[in-house]
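Right, one structure below, let's go through it.
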Amino acid sequence: MSKLIIANWKMNPRTLTEARELAKASDIEGLIICPPFPFLEEVGATIRKAKLGAQDLFWGEGGAYTGEVSADELKDIGVEYVIIGHSERRQNLGETDEMVAKKIAAALKAGLKPILCVGETRAERDAGKTGSVVQRELETGLFLTKNQKSSIVVAYEPIWAIGTGTPDTPESMLEMVEFIKNVLNPQSRALTFSVIYGGSVTSKNAESFFRHKEINGALVGGASLKGEEIKKIVEIGKKYESR
Ligand code: 13P
């Protein structure tokens, strides 16, 4: 299996023209691009080799949910992946584990591949709570779907490493992969999953993660806003296998 590299553009860039340019510059096999909602269709029409992902969805199938976007609507415009439970939504918008579980269920029902984000704050890490936080986010987030045959991506993104320029270490990530497998494997035989790392990934540090076959890829924020940089990261990923 090759590495899974996911570009989370977050609320960037500012204009459709810039989004189109960035999509052209990032259009490489092996990359999944997750632009803001208003740019999804245009990015989808621009890329030939990369795949399309969204940054969120709502669990309702349609109807009176002002401002929300459904899994089916995303699927209909060519979206294949969807980020769910990003810490920026949990922290700034009050997204709970229960909401995450409903979103995961909606994504799977529509045939979208969910990217479930988990990770602890600096304070939680310092208090020795990393394991309990990640375990809770995994178990509650997958509560509604644990008995159904499904395939997901788990992105471990320690909150203190996001946008700070200080990534977690590959050694600590390897321990986290082991931990996540130990939480998920006994829970459900129906679930298949890969585990990727996110938090200040750049072309300078990507190799230190990708050389380990247990680390299946990366969720990249800031560095995905430069075409050359994200292409480099994907190329580095292609040198290594995943397991
Ligand atoms: P940065 O790569 O900017 O640290 O962001 C990581 C992230 O939150 C991706 O979802």
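The values are calculated or read from the model by the stated rules, or taken from the named source; none is laboratory data. All values reported here derive from a predicted model rather than from experimental measurement. Cβ: placed from backbone, ideal geometry, glycine included. Neighbour counts: every protein chain shown. Each accessible area value is taken on the protein alone, full model and side chains, heavy atoms only, with ligands, DNA and RNA left out. Shrake-Rupley method; radii C 1.70, N 1.55, O 1.52, S 1.80 Å.
A few remarks follow.
- Taking a straight Cα-Cα cut-off under 12 Å and skipping sequence neighbours fewer than 8 places away in the same chain, the aspartates and glutamates within cross-link reach of LYS10 are ASP56, GLU88.
- Couplings 3J(HN,Hα) for the range 110-116, derived from phi with the Karplus relation 6.51 cos²θ - 1.76 cosθ + 1.60 (θ = phi - 60°), are 7, x, 8, 8, x, 10, 8 Hz, where x marks Gly and Pro.
- Calculated accessible area for the range 87-243 comes out at 45 Å² per residue, all protein chains present (probe 1.4 Å; ligands, DNA, RNA ignored).
- Of all accessible heavy-atom area on the chain, the percent that carbon and sulfur account for (1.4 Å): 50 percent
- When each of LYS49/LYS238; LYS149/LYS231; LYS146/LYS232; LYS49/LYS181; LYS49/LYS213; LYS109/LYS181 is checked by Cα-Cα distance, pairs over 26 Å: LYS149/LYS231; LYS146/LYS232; LYS49/LYS181
- Contour minus Cα-Cα distance for GLU18 and SER2 (0.36 nm per residue): 2.8 nm
- About its Cα centre, the dipole of the chain is roughly 580 debye, where the only charges are +1 on Lys and Arg Cβ and -1 on Asp and Glu Cβ.
- Anisotropy class of the range 117-243 from Cα gyration tensor, a/c 1.5 cut: oblate
- The slack in the chain from ALA45 to ARG211, taken as 0.36 nm per residue of separation less the alpha-carbon distance, amounts to 56.4 nm.
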